[in-house]
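Here the structure comes first, spelled out in structure tokens, and everything after it is commentary.
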Amino acid sequence: MTSTAFTSAAAERPFGRMMASATPGRSLLLLLPAFLVLGVILFMPLLDLAALSIDGGSFGPYVKALGDPLYVRVIGQTFQIALISTGICLILAYPLAYFMATTSPRLRILCLLLVALPFWTSVLVRTYAWMVLLGRNGIINRLLIDNGFIAEPLPLIYNKAGVILGTVYYLLPFMVLPIFAAMMRVDRQLLLAAEGLGASAVRRFFSIFLPLTLGGIGAGAALVFILALSAFITPALLGGGRVIMITNLIYTQVSQVLDWPFAAALSVLILVATIVAYSCIGLLTRRRWN
Amino acid sequence: MPNKKMDRRGFLVSAAAVLAAPAVLRAQQVPAKPDRLIVNASGGDMGNAVLDAYGQVFTERTGIPVEMTSPHDLGKLRAMVESGNVEWDVTEISGDDGRIAVERGLLEPIDESIVDLSAYPAEARDPYLLTTSVYSTVLAYRSDVFTDAKPRTWADFWDVEAFPGRRSLGGGPEDNLEFALLADGVQLAELYPLDVDRAFRKLDEIRPHITAWWDSGAQHVQMLVDQEVVLSSAWNGRIFNAVGKGHPLEISWDGSSLHRAYFAIPRGAPNLHWSQQFLAAMTDPQAQATFANQLVSPGLNPRAAEYVDPTLAPYLPTTPENMQVSFWQDDLWWSQHMAEIKNRWQRWILG
């Protein structure tokens with residue numbers, strides 16, 4: 001269904017018409033280089049990983065992963081943190097992206113720079129910076145205490161909230177940029193036309209602007225969710241050793257316990273879960289988009 | 001590769017090699033020299049000290065420059081050895097990781113005709129693992145917070161009435177089970193085999209007072225310095241360095257856990273002869289003293305003591321007084337029980 005929607009939309013443009021005239025076989029040929037590279041460097045190791053997880057033809061590692069309450073809890077906690085972080089990122093990113101898309105070009109460039117700035121320093125350094133900011137004697141708690149807002153320092157790190165905060169901070173640009181790009185593509189004349197026909201601001205937003213930017217939301221949400229699932233340094237440092245996520249579990253199995261089939265099974269489970277989540281996001285946003 | 005360029009240091013090294021030519025000619029069957037030797041160890045202060053102390057001696061002797069990589073990682077070692085693609089000529093592989101590596105056959109035996117261990121105490125001689133230095137996990141605290149009564153033992157650490165304040169312990173079962181048992185009244189000599197159930201019961205008591213389970217050496221120092229916590233288990237060298245920078249920290253050796261830092265050669269290492277030569281350089285008493293002076297982490301060559309800065313003596317884990325109140329962590333016991341206890345630890349942390 002999505003593919004027919006794509007071709008009919010593409011056929012309206014001259015370039016699309018030109019491409020549509022090529023036989024499907026020949027356009028598939030264009031995929032060959034990417035397919036070869038990905039096949040060798042991505043799919044083969046993944047197959048190897050899957051083979052390792054059923055080493056000796058037994059599904060023991062999977063039974064262990066899904067049968068032990070410990071691992072089920074860690075998987076659940078990982079998804080919970082990833083989901084909450086994605087939600088918060090979306091709430092923060094949407095207004096910011098809207099501001100960037102509607103402001104003057106000069107301010108827009110400044111905002112883009114500020115959003116991309118954290119990419120230029122190491123995540124480890126930034127995580128330590130959060131420890132200094134959020135600690136009991138950190139800048140935020142000092143400010144609140146010195147101004148009499150609170151008597152006792154707030155526990156801002158070394159718990160789940162600290163991990164979520166660190167994750168949101170780290171992944172926010174991945175949400176802002178796709179939404180910003182989608183907003184820039186929205187045809188302003190549609191909004192003007194709606195206004196001329198008497199649609200209220202709320203109606204214009206929910207009937208036109210939001211549906212047209214859903215693609216950006218979907219892309220951003222998928223990126224943030226998948227990266228949050230695989231966060232490693234943030235939970236290890238800001239969780240105070242108390243927040244165990246799936247990656248920390250896999251690391252322990254690979255490097256300390258040396259139970260590789262089990263580590264592989266955990267990796268396959270998280271991969272499958274990611275694909276499912278990704279497909280859900282795609283279905284939710286793309287259908288409305290078309 | 002920057003190493004292939006002939007810089008000034010490279011020139012000096014080659015000149016030294018030429019001057020040492022007679023020695024080289026003596027041993028004619030010596031295998032060809034690689035353009036560098038890759039030594040893998042913990043990063044940070046440890047890596048720098050390895051390069052300054054042992055790297056220098058090795059390069060002086062052989063003319064081969066040393067390149068450091070980090071971190072040491074049992075999983076990566078296994079992957080390298082099993083895939084036949086060994087990048088490390090020598091690697092640190094400390095504690096129970098070293099024991100597991102031996103058990104899994106991931107290491108080359110030490111060639112005692114090259115690495116002279118005759119001066120070493122018998123219990124420090126192992127066919128695969130070279131004990132290069134000793135460090136200790138100690139009880140560290142803020143000396144500006146505990147001015148009158150100072151916490152001394154792990155029982156004091158557990159006593160939140162007498163020594164109030166937020167605490168931190170390491171983020172794994174190693175050391176913590178031992179400290180819990182000592183706090184519960186077990187004698188140093190009777191620690192192993194560990195009574196795991198009893199240790200976890202005792203850990204239940206301290207859990208509400210732990211702000212964070214630290215993940216790295218940098219983290220426990222930072223938390224003590226920021227007063228995030230006022231008491232923590234800590235590595236003696238890290239606290240020594242922090243004290244040197246003027247932070248009000250003190251340590252107690254009572255019930256401290258002695259650890260051996262092991263270095264070894266991965267099985268299938270490409271320049272085996274030179275790897276053995278590097279281990280030989282690591283037994284050099286003067287090099288061990290250089291290392292000890294930087295990290296207060298002495299080697300086991302008895303002659304090294306002659307060269308260690310005498311003012312550092314009280315800070316070394318291996319002085320007779322400090323040894324008397326410490327225990328050697330039994331890494332063999334840990335390697336045999338690691339998988340099971342790690343699982344239980346993670347369950348307990350989430351519980």
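One residue stands out in the stretch B:58-89 among those that are within 25 Å of B:THR137 (Cβ to Cβ) and of a type in the set (A, V, I, L, M, F, W, C): the one that is surrounded by the fewest Cβ atoms within 10 Å (Cβ to Cβ), namely B:MET68.
One residue alone among B:VAL39, B:VAL86, B:VAL50, B:VAL57 is part of a strand (DSSP E or B) and more than 14 Å from every other protein chain (Cβ to nearest Cβ), and that residue is B:VAL39.
Scanning the stretch A:248-275 for residues that are more than 9 Å from every other protein chain (Cβ to nearest Cβ) and in contact (Cβ under 8 Å) with a residue 24 or more places away in the chain yields A:PRO261, A:PHE262, A:ALA264, A:ALA265, A:LEU266, A:SER267, A:VAL268, A:LEU269, A:ILE270, A:LEU271, A:ALA273, A:THR274. Inspection of the stretch B:297-307 finds a residue satisfying the criterion of being surrounded by fewer than 21 Cβ atoms within 10 Å (Cβ to Cβ) and either outside any helix (DSSP H, G or I) or in contact with a Ser or Thr (Cβ under 9 Å, 6 or more places away or on another chain) (or both).
Restricting A:ALA219, A:ALA277 to residues that are within 13 Å of the chain's Cα centre (by Cα) and more than 23 Å from A:LEU47 (Cα to Cα) narrows the list to A:ALA219.
Counting only strands (runs of 3 or more DSSP E) that sit wholly inside the stretch B:160-276, those with at least 2 residues that are at pLDDT below 95, within 14 Å of chain A (Cβ to nearest Cβ) and buried (at least 21 other Cβ atoms within 10 Å of the Cβ) are B:210-214.
Away from every other protein chain (no Cβ under 14 Å), crowded, with 24+ Cβ neighbours inside 10 Å, touching a Ser or Thr at 6+ places or on another chain (Cβ under 7 Å) and modelled with pLDDT of 95 or more, is that true of B:PHE157? Considered against the rule, which asks whether it is away from every other protein chain (no Cβ under 14 Å), crowded, with 24+ Cβ neighbours inside 10 Å, touching a Ser or Thr at 6+ places or on another chain (Cβ under 7 Å) and modelled with pLDDT of 95 or more, B:PHE157 comes out as no.
For the stretch B:156-205, the set of residues classified as farther than 24 Å from A:LEU237 by Cα and among the polar types (S, T, N, Q) consists of B:GLN187 only. The set of residues in the stretch A:208-247 being surrounded by 19 or more Cβ atoms within 10 Å (Cβ to Cβ), within 14 Å of chain B (Cβ to nearest Cβ) and assigned to a helix (DSSP H, G or I) consists of A:THR234, A:PRO235, A:ALA236, A:LEU237, A:LEU238, A:ILE246, A:THR247.
Residues that are in contact (Cβ under 8 Å) with a residue 24 or more places away in the chain, within 13 Å of chain B (Cβ to nearest Cβ), polar (S, T, N, Q) and buried (at least 17 other Cβ atoms within 10 Å of the Cβ): does the stretch A:85-104 have at least one? No: zero hits. Which members of the stretch A:227-237 meet the condition of being under 19 Å from the mean Cα position of the chain (by Cα) and touching a residue at least 60 places away in the same chain (Cβ under 8 Å)? Once the filter is applied, which keeps residues that are under 19 Å from the mean Cα position of the chain (by Cα) and touching a residue at least 60 places away in the same chain (Cβ under 8 Å), the stretch A:227-237 yields A:ALA228, A:LEU229, A:ALA231, A:ILE233, A:THR234, A:PRO235. Looking only at the stretch A:242-262, residues that are farther than 24 Å from A:LYS160 by Cα and either in contact with a strand residue (DSSP E or B) (Cβ under 7 Å, 6 or more places away or on another chain) or not hydroxyl-bearing (Ser, Thr, Tyr) (or both) come to 8 in all. Answer with yes or no whether B:GLY55 is under 18 Å from the mean Cα position of the chain (by Cα), buried (at least 16 other Cβ atoms within 10 Å of the Cβ) and more than 29 Å from B:ASP175 (Cβ to Cβ). So B:GLY55 passes the test. Scanning the stretch A:155-181 for residues that are among the small types (Gly, Ala, Ser), buried (at least 21 other Cβ atoms within 10 Å of the Cβ) and free of Cβ contacts under 8 Å to residues at least 60 places away in the same chain gives no hits. The single condition from (1) part of a loop (DSSP other than H, G, I, E, B); (2) under 20 Å from A:ALA231 (Cβ atoms) that A:PHE149 fails is (2). Under the condition of being in contact (Cβ under 8 Å) with a residue 12 or more places away in the chain and within 11 Å of chain B (Cβ to nearest Cβ), the residues counted in the stretch A:126-154 number 10. Give me the pairs, please: first residue somewhere in the stretch B:322-351 and over 20 Å from B:ALA183 (Cα atoms) and away from chain A (no Cβ under 12 Å), second residue anywhere and aromatic (Phe, Trp, Tyr) and surrounded by fewer than 18 Cβ atoms within 10 Å (Cβ to Cβ), beta-carbon distance under 8 Å, and either six or more positions apart or on two chains. Filtered contacts from the stretch B:322-351: B:TRP333/B:TYR192.
The values are calculated or read from the model by the stated rules, or taken from the named source; none is laboratory data. This one's a predicted model, so the numbers in the text were calculated from it and none came from an experiment. A quick note on method: Cβ atoms are made from the backbone with ideal geometry, for glycine too, and the neighbour counts reach across all protein chains shown.
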